[in-house]
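Comments concern the structure below.
The values are calculated or read from the model by the stated rules, or taken from the named source; none is laboratory data. The structure displayed is predicted, hence computed values, not measured ones. Virtual Cβ from ideal backbone geometry, glycine too; neighbours counted across all protein chains shown. Heavy atoms of the whole protein, side chains included, go into the accessibility calculation; ligands, DNA and RNA do not. Shrake-Rupley method; radii C 1.70, N 1.55, O 1.52, S 1.80 Å.
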Amino acid sequence: MAIDRSLVEHVALLARLQLGEEEKTSLLEQLNKILDHVRRLEEIDVEGVPPTFHVLPDMRNVMRPDEPRPCLPRDLVLLNAPDRAEGQFRVPRVIDSGPREGTGS
């Protein structure tokens, strides 16, 4: 099956893409090249080749177990804090606590 111009236009419509004539022509060529390449891949004899999910055979999960550990001492954590108060980070106010218009509160 080859991709024709009407299919490119239909997919562009579904994806809400506005393509110019040159873009449609370019995509048409690229998509047909991709399909040709997949057809050539399908011709390869893979009989006896074990299935793999990754090209690196020794790939494994490198995440450590999620185990609780003691946290850093507070003084060490706050050592480079630009501003601190009462043993905590002090940050600029980001929420306006004043009354909101139209709510009466």
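What do you get for GluC sites (Glu not before Pro) in the stretch 1-59 restricted to DSSP loop and a cutoff of at most 16 other Cβ within 10 Å of the site's Cβ?
Working: sites: Glu9, Glu21, Glu22, Glu23, Glu29, Glu42, Glu43, Glu47; in loops: Glu43, Glu47.
Passing sites in the stretch 1-59 are Glu43, Glu47.
Near Arg84, the amide H atoms lying under 5 Å from its own belong to Arg90; only residues 5 or more places off or on other chains count, and H is placed 1.01 Å from N. With all protein chains in place and ligands, DNA and RNA left out, the 1.4 Å accessible area ranks Met59, Met1 as Met1, Met59, largest first. Using 0.36 nm per residue and subtracting the Cα-Cα separation, the extra length available between Gln18 and Asn61 on full extension is 11.3 nm.
In the context of the full protein assembly, Leu79 retains an accessible surface of approximately 110 Å², using a probe radius of 1.4 Å and ignoring ligands and nucleic acids.
Taking the simple approach of a point 7 Å from Cα along Cα-to-Cβ for both Leu76 and His10, what is their distance in nm? Computed distance between label sites Leu76 and His10 equals 6.4 nm. Taking θ as phi - 60° and the Karplus parameters 6.51, -1.76 and 1.60, the scalar couplings of the stretch 22-36 work out to 5, 5, 4, 5, 5, 5, 4, 5, 5, 5, 5, 5, 5, 5, 4 Hz in sequence order, x denoting glycine and proline.
Over all orientations, the chain has a Cα convex hull whose mean projected area works out to 19.1 square nanometres. Its Cα centre serving as origin, the chain has a Cβ charge dipole (Lys and Arg +1, Asp and Glu -1) of approximately 700 debye.
For the pair Val46 and Arg84, the difference between a 0.36 nm per residue extended length and the Cα-Cα distance amounts to 7.3 nm.
The trypsin sites (Lys or Arg not before Pro) of the stretch 29-105 that DSSP puts in a loop, and whose beta carbon has at most 15 other beta carbons within 10 Å, are Arg60, Arg90, Arg93, Arg100.
Accessible surface for the stretch 21-105, divided over its residues, is 106 Å² per residue with a 1.4 Å probe.
The largest accessible area among Val49, Val38, Val94 belongs to the first residue in Val94, Val49, Val38, and the rest follow in falling order (1.4 Å probe, all chains).
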